[in-house]
Amino acid sequence: MKTYTDKELKRIFNDISGGAVYVGLKDGKSIGDITSNYNFIYFRHYGQTASKKIFSHFKNTLYIMFSDCDEIAPAVWSWDKIKYIAADTGVLVEG
């Protein structure tokens, strides 16, 4: 996975804590997702786990759960694919 600076990770953490959804990207494909509710951040990728909304927990869980991804990106819901896809392209390549 791309190595993010703490500043980048804090921005992503704050986005997710505020309700944004992120997905993992691997070879241009959207895989897994990261969402949050009031107290927890949820990671779904080859299973599911949650961590409290604490930056250090988020950072560690992100690098463990999404280690095989190239990067993570903001996401939007796709009614065609019934899943979250990367927001920047809006295209999901099935693998």
- Query: What is the packing order of peptides 6-17, 65-76, taking the mean over residues of other C-beta atoms within 10 Å and listing the highest first?
  - Reply: 65-76, 6-17
- Listed here are the pairs LYS26/LYS83; LYS7/LYS29; LYS2/LYS29; LYS10/LYS53; which of them are more than 22 Å apart at the Cα? LYS7/LYS29
- Query: How many nm is it between the label spots at PHE55 and PHE40, if each spot is 7 Å from the Cα in line with the beta carbon?
  - Reply: 2.4
- Message: Taking a cut-off of 15 Å, what percent of all Cα-Cα pairs in the chain are separated by more than that?
- Response: 56
- Task: Figure the gain on full extension for TYR63 and ASP27 (residue separation times 0.36 nm, minus the Cα-Cα span) and round it to one decimal in nm.
- Result: 11.2 nm
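Any read-out appearing in this document is the output of simple, stated calculations on the displayed coordinates, not a laboratory observation. Keep in mind it's a predicted model, so treat the numbers as computed, not measured. Here Cβ is always computed from backbone atoms with ideal geometry, including for glycine, and neighbour counts include all displayed protein chains.
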